[in-house]
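Structure, as structure tokens:
The values are calculated or read from the model by the stated rules, or taken from the named source; none is laboratory data. Just so it is clear, the model here is predicted, and its values are computed rather than measured. Cβ placement follows ideal geometry from the backbone for every residue including glycine, while neighbour counts extend to all protein chains displayed.
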Amino acid sequence: MTGAEALDLAGRLGPVVVFLLAITVTAELAERAGVFDVAGHAVARMGGGRRWVLWVLFSVFAVGATIVLSLDTTAVLLTPVGLAIAAQVGLDPRLLAVTTLWIANTGSLLLPVSNLTNLLALHTLGRAGLGHTDFVKASWAPAIVAVVVTLLLVALLHRRSLRGSYDVAPPAEPHDVVLLRVSAVVCVVLGPLFALGAPPWLVSLVAAAVLLATTWWRGRSLLQGLPVPWLMAAGFVAISVVVEVLQQRGLSDLVTGALPAGTGAGALLALAGAGAGLSNVVNNLPAYLALEPAAAGSVERLVALLVGTNAGPLVTPWASLATLLWIQRCRARDVVIPWRWLVPAGLACAVLVVVSATLSLTLV
């Protein structure tokens with residue numbers, strides 16, 4: 001790799017790494033301020049004692065968190081919220097746990113910040129003179145289809161758990177009002193800023209700085225043990241470098257030649273299927289990087305690849321980082337969902353979502 005190529009790769013990965021670190025800090029501080037705790041209890045109260053209403057509201061919350069704060073944030077912070085709600089109201093914990101896991105992946109198509117792969121794709125679009133608006137215009141249809149199909153399947157598989165009623169949960173624990181309000185406002189304004197095209201790395205960096213300063217002012221003890229995903233970021237960079245080297249040694253030509261060209265339904269399904277399959281074998285980030293050359297030059301093909309690498313990693317535990325984080329959170333609350341159920345169910349969800357979302361690209 002030449003010096004110029006290394007600088008180009010650094011320019012591509014730098015904003016992604018900054019976003020990953022900053023949005024994680026933002027989400028963690030918002031959680032410590034009580035934003036997710038209060039929101040979870042509010043959802044339980046708004047459900048009015050009806051299980052299916054509670055699930056719908058929680059699902060909307062999960063979709064919003066995934067779109068605005070990324071799939072990893074949903075896996076890390078919303079999983080314990082869902083499990084806590086389930087325990088409070090007597091729900092089968094698998095209902096909200098599986099909803100969180102699947103939505104974290106399939107709901108990460110709409111905005112560039114929803115998934116690290118989207119940020120990489122945005123950089124590629126930028127080289128062609130395209131930006132955030134073009135990304136959203138191309139991704140909105142498959143994003144909606146992916147979420148709808150996912151929730152319909154969850155409702156079908158857990159239809160018994162959705163029946164009946166529950167006792168309304170007690171109020172949330174008291175929190176610092178100023179810190180809670182500032183954190184809530186920060187979380188709310190992130191989405192519109194991202195959608196309007198503000199640089200994700202800059203928005204998340206400012207958000208993290210605001211919450212760090214506010215937390216330092218209102219409750220310094222909340223900063224203790226603040227997790228920053230340095231290892232995750234380093235792993236992402238290492239994987240990217242390896243894939244870049246392999247591409248320079250012929251991987252790009254091999255991949256491009258193995259997949260059909262064009263934007264017809266068959267070509268898009270083949271690309272999305274390759275992304276989903278490879279993601280479940282090696283992980284979605286290297287899968288995207290390896291297959292991106294096959295999608296270059298076409299917004300439709302790039303989005304089809306994202307459908308596969310974002311919504312497809314639902315079969316193996318290592319297919320996405322969000323799944324690994326979700327497993328850790330479930331184990332921390334002694335909730336175990338057998339893989340003999342999760343693998344076939346995840347496969348069914350991945351196939352249905354990837355196929356339907358990809359086909360939606362041919363209809364808009």
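Where residues in the range 291-312 are over 20 Å from the mean Cα position of the chain (by Cα), not hydrophobic (A, V, I, L, M, F, W, C) and not in a helix (DSSP H, G or I), which of them is modelled with the highest pLDDT? Applying the filter and picking the extreme gives Ser298. For the range 95-118, check the following and say yes or no: at least one residue is under 30 Å from Ala10 (Cα atoms), touching a His at 6+ places or on another chain (Cβ under 7 Å) and crowded, with 22+ Cβ neighbours inside 10 Å. Yes: the range 95-118 contains one or more residues that are under 30 Å from Ala10 (Cα atoms), touching a His at 6+ places or on another chain (Cβ under 7 Å) and crowded, with 22+ Cβ neighbours inside 10 Å. Does Leu120 qualify as being over 20 Å from Pro313 (Cβ atoms), hydrophobic (A, V, I, L, M, F, W, C), in a helix (DSSP H, G or I) and at pLDDT below 90? Criteria not met by Leu120. Scanning the range 27-54 for residues that are β-branched (Val, Ile, Thr) and either crowded, with 18+ Cβ neighbours inside 10 Å or closer than 17 Å to Cys187 by Cα (or both) yields Val35, Val38, Val43. Listed by first and then second residue, the pairs linking a residue in the range 10-26 that is over 13 Å from Ala207 (Cβ atoms) and surrounded by fewer than 23 Cβ atoms within 10 Å (Cβ to Cβ) to a residue that is modelled with pLDDT under 85 and of a type in the set (Ser, Thr, Tyr), with Cβ atoms under 6 Å apart and 6 or more places separating them unless they lie on different chains, are Leu13/Ser240. Name the residue, out of Ala184, Ala207, Ala213, that is in contact with a Leu (Cβ under 7 Å, 6 or more places away or on another chain) and assigned to a helix (DSSP H, G or I). Answer to the selection: Ala207. Filtered by the rule that a residue be buried (at least 17 other Cβ atoms within 10 Å of the Cβ), farther than 20 Å from Asn283 by Cβ and modelled with pLDDT under 90, the range 327-356 gives a lone residue, Val335. Give the range 313-326 a look and list any residue that's surrounded by 20 or more Cβ atoms within 10 Å (Cβ to Cβ) and assigned to a helix (DSSP H, G or I), or say none. Passing the criteria: Leu321, Ala322, Thr323, Leu325, Trp326.
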